[in-house]
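The values are calculated or read from the model by the stated rules, or taken from the named source; none is laboratory data. Computed from a predicted model, the values in this text were never measured in an experiment. Don't worry about glycine lacking a Cβ; one is built from the backbone with ideal geometry, like all the others, and counts go over all protein chains shown. These accessible areas exclude ligands, DNA and RNA; they are computed on the full protein's heavy atoms, side chains included. Shrake-Rupley method; radii C 1.70, N 1.55, O 1.52, S 1.80 Å.
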Amino acid sequence: MPPAKKRPRAYDHLRTRTAVLAQYAHVRDAVAALTPEQLAAPTRLGDWTVRDLVAHIALGLGSVSRDLALPEPPGPKPATTLLEWPPAVAAVVRDPEAPAPAADRPDLLALYGEVEAAFLADVPASGPGDRLLPTRVGSMRLTDYLVTRTVELIVHTDDLNEALGLEIPYDRQALAACTRLLADTLADRAPGGSVEVRVPPFAVVQCIGGPKHTRGTPPNVVETSPLTWIRLATGRTEWARALEEAEVSASGERADLAALLPLLR
C-alpha cells in the first residue's frame, strides 16, 4: 500500500497578500537604484539581461490582476492545486522565439507602479481568497496563486542578487511560504517517512518510502538553509555541489535527494 499523503498546508490570505506586497516593494526599491549598465548585465537565466529579469518579476505579479479581470472558471474545485503548481509550471516551456520581457516596457519604474496599484485595487485584503483564477496552468484559488507569487518573487530576487551582487532583502513571510511550498512539493512527489528534510526555521517534512521513523533521532536526515533549499528545488544549484560546499548536511543511506531535484526550473 502506498504511503498516505498528508492534508495540504493552509495559507492565510491576508498574511500571504502582505508578504507578496512586501517582497515586491523590496525589489521595486532596488530597481529604482539600478544604473543602465546594471540593467544590461547578464543573469543566470539564459539570454535574459537584468532588465529582462526585472520586467519578468513585475509581469509575474501583474498576472494576478490580469487573471482576476477574466471570467471566473466554473467551480467548485480548481483544476490545479497548490502542490500541483510546481510540476505544472515546469511543463510550461518558454518559447525561445518570444520577445524578452522588457522588449516593450522601457519604463520599468512605471511598470512597477502600475502593477502594484492594480494589485492593491484588485486583490481584497480580507476574505478566504477562494475566488478561482484562470491561470496559465489551470484554474487556481486566489490565495493559492498568491503563494505561487511568493515563489516567483523570492526565487527571482535571488537571481537578481546573484547577477549584480546585491543584498535585496527577503521578506520573512514570503521566504517562509516559498520554502514550505517547495518542501511540501518534495513530500508530495516522493511520499513516505524514511527521510526527514529540515529547512529551519520554516519547514520539516518526511519523504521517500521505506522504514518509517516515529521517535528519537531519524536515521536519514537532510538539513539546509531556506535559500539553499530554494536553489536546489529550482535548479539554481546542484545537489552534489551543495554537499561539497557544506551547504547541505545529509546523514543516512537514504538521505540522497539528487534524483528528485530540481522540483521546479
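Details
- Filter result (more than 14 Å from HIS26 (Cα to Cα) and either open to solvent by 10 Å² or more (accessible area, probe 1.4 Å) or free of Cβ contacts under 8 Å to residues at least 24 places away in the same chain (or both)) within segment 151-167: GLU162, ALA163, LEU164, GLY165
- Consider segment 136-167 and keep the residues that are at pLDDT 95 or above and assigned to a strand (DSSP E or B). The one that is farthest from the chain's Cα centre (by Cα) is SER139.
Let's see how each residue does on (1) in a helix (DSSP H, G or I); (2) at positive phi; (3) open to solvent by 30 Å² or more (accessible area, probe 1.4 Å); (4) touching a residue at least 60 places away in the same chain (Cβ under 8 Å):
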{"residue": "TYR170", "(1), (2), (3), (4)": "no, no, yes, yes"}
{"residue": "CYS178", "(1), (2), (3), (4)": "yes, no, no, no"}
{"residue": "ALA187", "(1), (2), (3), (4)": "yes, no, no, yes"}
{"residue": "ARG198", "(1), (2), (3), (4)": "no, no, yes, no"}
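- When the residues of segment 133-150 are filtered to those that are in contact with a strand residue (DSSP E or B) (Cβ under 7 Å, 6 or more places away or on another chain) and not aliphatic (A, V, I, L, M), the one that is surrounded by the fewest Cβ atoms within 10 Å (Cβ to Cβ) is SER139.
- LEU182, sole failed condition from (1) part of a helix (DSSP H, G or I); (2) without any contact (Cβ under 8 Å) to a residue 60 or more places away in the chain; (3) open to solvent by less than 10 Å² (accessible area, probe 1.4 Å): (2)
- Scanning segment 12-57 for residues that are over 19 Å from the mean Cα position of the chain (by Cα), buried (at least 16 other Cβ atoms within 10 Å of the Cβ) and closer than 18 Å to ALA174 by Cα gives a single hit, ALA30.
- Residue match in segment 235-244 (condition: assigned to a loop (DSSP other than H, G, I, E, B), touching a helix residue (DSSP H, G or I) at 6+ places or on another chain (Cβ under 9 Å), farther than 17 Å from GLU196 by Cβ and free of Cβ contacts under 8 Å to residues at least 60 places away in the same chain): yes
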